[in-house]
Amino acid sequence: QVQLVESGGGLVQAGGSLRLSCVDSRSTFSAITMNWYRQAPGKQRELVAAVTGRGSTNYADSVKERFAISRDNAKNMVYLQMNNLKPEDTAVYYCNAESYCIGHDCYEGAWGQGTQVTVSS
């Protein structure tokens, strides 16, 4: 079973910064689109940012200009740098690896366990 391991959450004041990290140990990591999702209490899980294997990125409108997703394929790591944090960014953040195929071989997506980010006003 694939395991994604996240780290870097915590408590920060509004305007502060945090960096989340996620490791996916598979040798095919560079082929996988990686995402960060978040889920606030009482709300649906939402996509925050995505990065393809080649480094193309996409962001939710609510975090553009504040958050940056990146990856290091040599280390099997994906990061989410979060700047100018706001109380509404408070949520559990999840690392996600999308399902993918290489040739005729296809693999299921995977999720991390989640890491809490709390932004105080």
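The values are calculated or read from the model by the stated rules, or taken from the named source; none is laboratory data. These numbers come from a predicted model, not from an experiment. Using ideal geometry, Cβ is built from the backbone for each residue, glycine included, and neighbour counts are taken over all protein chains shown.
For every residue, the table says whether it meets (1) of a type in the set (D, E); (2) more than 12 Å from the chain's Cα centre (by Cα); (3) assigned to a strand (DSSP E or B).
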| position | (1), (2), (3) |
| --- | --- |
| S30 | no, yes, no |
| A68 | no, no, yes |
| K75 | no, yes, no |
| Q81 | no, no, yes |
| E88 | yes, yes, no |
| C101 | no, yes, yes |
For residues that are out of contact with any helix residue (DSSP H, G or I) (no Cβ under 9 Å at 6 or more places or on another chain) and outside any strand (DSSP E or B), scanning just the range 50-66, find the one that is nearest to G16 (Cα to Cα).
E65
Filter pass, Q44 being out of contact with any helix residue (DSSP H, G or I) (no Cβ under 7 Å at 6 or more places or on another chain) and part of a strand (DSSP E or B):
no
Tell me which of these R66 doesn't satisfy, since it passes every other one: (1) of a type outside the set (A, V, I, L, M); (2) surrounded by 15 or more Cβ atoms within 10 Å (Cβ to Cβ); (3) under 18 Å from L4 (Cα atoms).
(3)
Going through the range 44-57 in order, the residues found to be farther than 17 Å from S99 by Cβ and at pLDDT 95 or above are Q44, E46, V48, A49, S56, T57
